[in-house]
Amino acid sequence: MGRRSPISVAVAAVSAALTAAVLVGCGPTGSTADKGGTSQPTTAAPSTSATTGAPAATDPSTAGSDPSATHTTAAAPAPSATTKPPVAPASVIANGSTSEKVRELQARLAQLHLFSQAVTGFYGTVTEHAVSDFQERHGLPSTGHVTQATWTKLGSLTRVPTHKELYPVVTNKPAGKLDARCMTGRAICVSKTTRTLSWVVNGKVLATMDVRFGSQYTPTREGLFHVNSKSRDHVSTIYHTAMPYAMFFSGGQAVHYSSDFAARGYAGASHGCVNVRDKAAIASLFDQVRVGDKVVVYW
């Protein structure tokens, strides 16, 4: 075979390079060829050192810029300090609690004519509003929560409550007209008209106390029932509220003491139970009533 001319050798080299370039362009899914376009691969020639012919080191941070320029790395900004919210003062007496401390709180507020309801020992919305009013009048944060500052200020303006102030006598309304079903045997007779409960044995009224009922959405059932169970320190499994001296007569409905009724009166309502606000009276009734005794709820 004769010697190939320099031109033929150059043409062959170019052809081989083009063939290699086409093979490199068959990229993975997502390339321009997969999207209906024409793949145009380009192979950038590596830069070389003028003296050694080895690839020249390239600083990525200076690529495409003036190599004579001086580059400095800016320091990362220091993280700003996290500002914590101020811690609220702890409550000396917690809202929603029942205790002798709450009873004293209510009696002291009553001395200042800020609490007009019966002293019950239950910290409800009425007590919260009275505390808030006291705080506002004396330049304290009006939160309705008893902080140490609130308790100290209240103590400096009031005296130690008397026993009568701490345990006022609850006066119940007289018994209403009894239903005929109450006149025989042993019966808890509940009148929705007069909002009273009468404990009747063989037609004789032995005790009477004020009661309230469920709202229009959770009404107290009417009719003749019987006490099916008793629970002295019951707590509702549905509403998680205390139901002391509970006497159940229809499903989850029961006659029981209500600290909320004692604190708010008829401003509130039960979830269907017959609420009693005189704790001493309901405690005595609980000891007398037997499972099987009648419960009559009527208008």
Worksheet item: How big is the Rg/Rh ratio for the stretch 91-166, C-alpha atoms only, Rh by Kirkwood, two decimals?
Response: 0.91
Worksheet, complete the sentence: Violations at 23 Å Cα threshold for listed pairs Lys164/Lys192; Lys101/Lys164; Lys173/Lys204; Lys164/Lys230 -> Lys164/Lys192; Lys164/Lys230
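Test of understanding: what is the full-extension gain from Thr171 to Ser215, defined as 0.36 nm times their sequence separation minus their Cα-Cα distance? Could you put the intermediate results ahead of the total?
Details: separation 44, 0.36 × 44 = 15.84 nm, distance 2.42 nm.
Residue separation times 0.36 nm, minus the Cα-Cα distance, leaves 13.4 nm.
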Worksheet item: Hey, rough spin-label estimate for Leu112 and Arg159, points 7 angstrom out along Cα→Cβ, what's it come to in nanometres?
Response: 1.7
Practice prompt. Once you have the Cα-Cα distance between Ala267 and Asn228, take 0.36 nm times their residue separation minus that, and quote the gain in nm to one decimal.
Written response: 11.1 nm
Worksheet, complete the sentence: On the formula 1/(1 + (r/R0)^6), with r taken between the Cβ atoms of Met183 and Ser236 and R0 of 45 Å, the FRET efficiency rounded to 0.05 is 0.85
Worksheet entry | Neighbour net charge for Gly155 - beta-carbon separation under 11 angstrom, K R +1, D E -1 | +2
Worksheet item: Roughly how many whole Å is it from the C-alpha centroid of the stretch 249-299 to that of the stretch 182-213?
Response: 11
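Using the number of other C-beta atoms within 10 angstrom as an exposure proxy, rank Met243, Met183 with the fewest first. All intermediate terms of the calculation are to be shown ahead of the outcome.
Working: Met243 23, Met183 14.
The order, fewest Cβ neighbours first, is Met183, Met243.
Based only on other Cβ atoms within 10 Å, what is the fewest-to-most ordering of Trp151, Trp299? It would help to have the intermediate numbers written out before the result.
Numbers: Trp151 18, Trp299 8.
Fewest-to-most ranking of Trp151, Trp299: Trp299, Trp151.
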Discussion item. How big is the stretch 181-299 along each principal axis, measuring the range of its Cα positions in Å and listing the largest first?
Written reply: 36, 28, 25
Worksheet item: When Lys and Arg each count +1 and Asp and Glu each count -1, what net charge do the other residues less than 9 Å away from Cys189, Cβ to Cβ, add up to?
Response: +1
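Laboratory data are not the source of any read-out in this text; all were calculated from the coordinates shown. Quantities reported herein were computed from a predicted structural model and do not represent experimental measurements. All Cβ positions, even for glycine, are placed from backbone atoms using ideal geometry, and neighbour counts span all protein chains on display.
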